[in-house]
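Okay, structure first, notes after.
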Amino acid sequence: MKLRTMLAGTVFVVLSATSCAPGADSQAPAESAGPVKTGVPEGEVTLSLVSTPESGAAVKAVIKAFETKHPNVHIAYQDTNYDDYNKSLNLSLASDQAPDIALLNSVGTTVKDNLVRDLSPYAEAYGWDKTYAGTQLDQWRVGANGSTLGEGKLYAAPAGFSLVGVYYNKAKAAQLGITAPPADLDAFESALAKAKKAGEIPLQMGNAQGHASFPIQLVGQSLDGAEAAAKWTFGQKGATFDTAGNRAAVTKVAEWAEKGYLPASANGTDLQGATDKFAKGEGLFFVDGNWDAAKIGEKLGKDAGFFAFPGPKATAIGTSVAYAVSTHTEHPDAAAAFLDFLHSPEASAEQFRAGFMPADITAAEPADGTVMSDIVAAWAEVDADNGLVGFNNNATATMNDKFTATTQELLAGKTDTAGFIKAIQGEWAGTHG
């Protein structure tokens, strides 16, 4: 699996996230002062780390492995759900109780507000440019204006990689006469119709946090192509959400809701709630990321399957899970040592065990017949087609909020395709022009 080539061509563009956080301005982020040292400092050190439930299983296991190797360092973990996390991260990083290390789902305004530390000196000292492909680090490089991605200083380090595709219940599929993953959109819709007719939930979904944006993005980029889709996702000048693929995708998802292919409770269910339901056997398909593979695989066992969304070429949504160091930390060297540990064999094994593609790809050795073997196969397909695209939800600092509100309106029948496209592109244009 060519991890270096997978991200090439997808993380090469510019994202200009205008600030809406308290205290944000147009000033360039301040320099991080002082020399850096590699390795774990002597003496007892306590660090705090915040993340989300989706990434929590992996990082908690990595923390345990790190503490075993370095018993003088204790890392206190705090879990925050995805929606609250994104909304509260800047406030948390700006507070007197700021965490030392924080998951970054997107750059947003953290750099512009001088909330996370420039890691470039550590990257040079540890040789991260030799550990990671340049494209894997570039998505966390931010220009002097505090918002342009792909250039400038480094503000986060990868801790494994996410991949969003389609989980399916192999036992239910077999009962419906579906012996292989759908090969195209028509076959996917045919399977949805079969499941509905048989009294099954065709497509499990939780949209309380806007995750109906996942199938919309997957359908849209499968029709438009990954390269064109990535231009919008990362904010390239002149890009638009108003494409043939996205119009078809929004229309399809609205039709699926109207036909009863989605749970009636989707807007009131969050992602983890939907994951739990699917893992209990409720639903034929479920669009979600590899971060939930461990839970789904444990519950469904051999009946858990996964595939890249069907289309002319294999495409998927994904990026690196990444952690930043607070500018307020009193232990930057210890925090950076933990970030360097993220690509170790021990950490990579835990990342893969939790469902992420590991920073050290040699750790991706799944058992045959498991959901992880399907995920690795899907990863290889997307790699071969250069089909990985970043999350549409991260196209601006507030895009996730817009997708949440607008997808909920779509599923409730309160907006149509034209209204949806206009709202999303309007949000994008407010940042990117």
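Separation of the range 272-315 from the range 102-143 is 31 Å, based on Cα centroids. Approximating the spin labels as points 7 Å out from Cα along Cα→Cβ, the S88-to-E151 distance works out to 3.7 nm. Couplings 3J(HN,Hα) for the range 296-308, derived from phi with the Karplus relation 6.51 cos²θ - 1.76 cosθ + 1.60 (θ = phi - 60°), are 5, x, 5, 7, 8, x, 5, 7, 8, x, 8, 8, 5 Hz, where x marks Gly and Pro.
Helix 213-224 axis versus longest C-alpha principal axis of the chain: approximately 80°, rounded to the nearest ten. Among K277, K130, sorting on how many other beta-carbon atoms sit within 10 Å of each Cβ, with the fewest leading, yields K130, K277. Put simply, the amide H of Q209, placed in the peptide plane, has neighbours under 5 Å in L271, leaving out anything fewer than 5 places away on its chain. Here the simple spin-label model places points 7 Å from the Cα toward Cβ, and for Q78 and T240 these points are separated by 4.4 nm. Residues whose amide H comes within less than 5 Å of that of D118, counting only those at least five positions distant or on another chain, are S32 (H built at 1.01 Å from N in the peptide plane).
Provide the packing ranking of 363-372, 108-117, i.e. peptides ordered by the mean count of other C-beta atoms within 10 Å per residue, highest first.
Final packing ranking: 108-117, 363-372.
How tilted is helix 82-94 with respect to the longest principal axis of the chain? Cα atoms for both, answer in degrees (0 to 90, nearest 10). Roughly 20 degrees, rounded to the nearest 10.
Sorted by mean Cβ packing within 10 Å, highest first, what order do the peptides 174-180, 281-287 take?
281-287, 174-180
For the pair A264 and D96, the difference between a 0.36 nm per residue extended length and the Cα-Cα distance amounts to 56.2 nm. Expressed as an acute angle from 0 to 90° and rounded to the nearest 10, what is the orientation of the C-alpha long axis of helix 371-384 relative to the principal long axis of the chain? Helix 371-384 sits roughly 80 degrees off the main axis of the chain.
How would the range 305-393 be classified by its alpha-carbon gyration tensor: rounded, prolate or oblate, with rounded meaning a/c under 1.5 and the a/b versus b/c comparison settling the rest?
Oblate shape, in that a/c is at least 1.5 and b/c is the bigger or equal ratio.
Hey, for a label at E67 modelled as a point 7 Å past Cα toward Cβ, could you say which residues of the range 98-115 have their backbone N under 17 Å away? In the range 98-115, the label zone of E67 (backbone N under 17 Å from the point 7 Å along Cα→Cβ) covers 100-102.
Is the range 229-299 rounded, prolate or oblate when judged by the Cα gyration tensor, a ≥ b ≥ c being the square roots of its eigenvalues, rounded requiring a/c under 1.5 and prolate requiring a/b larger than b/c? Write down the numbers at each step before the final one.
Details: a/c = 3.02, a/b = 1.60, b/c = 1.89.
Since a/c reaches 1.5 but b/c is at least a/b, the shape of the range 229-299 is classed as oblate.
Spatial offset of the range 55-92 relative to the range 171-224 amounts to 33 Å, using the alpha carbon center of each. In terms of the Cα gyration tensor, with a ≥ b ≥ c the square roots of its eigenvalues, is the range 76-127 rounded because a/c is under 1.5, prolate because a/b exceeds b/c, or oblate? Here the range 76-127 falls in the prolate category. Beta bridges assigned by DSSP with both partners in the chain are antiparallel in approximately 65 percent of cases.
Can you find, among A367, A423, A380, the residue farthest towards the positive end of the dipole of the range 337-433? Put +1 on the C-beta of Lys and Arg, -1 on that of Asp and Glu. The one lying farthest along the dipole's positive direction is A423. Ranked for footprinting exposure by Cβ neighbours inside 10 Å, fewest first, L185, L89 give L185, L89.
For semi-axes √(5λ) of the Cα gyration tensor in Å, computed directly from the structure shown, the correct entry in [x] 74, 24, 18; [y] 35, 25, 19; [z] 44, 26, 20 is [y].
Values quoted throughout were computed directly from the atomic coordinates according to the rules given, and no laboratory measurement underlies them. Since we're looking at a predicted model, the values are computed, not measured. Glycine gets a Cβ as well: all are built from the backbone with ideal geometry, and neighbour counts include every protein chain shown.
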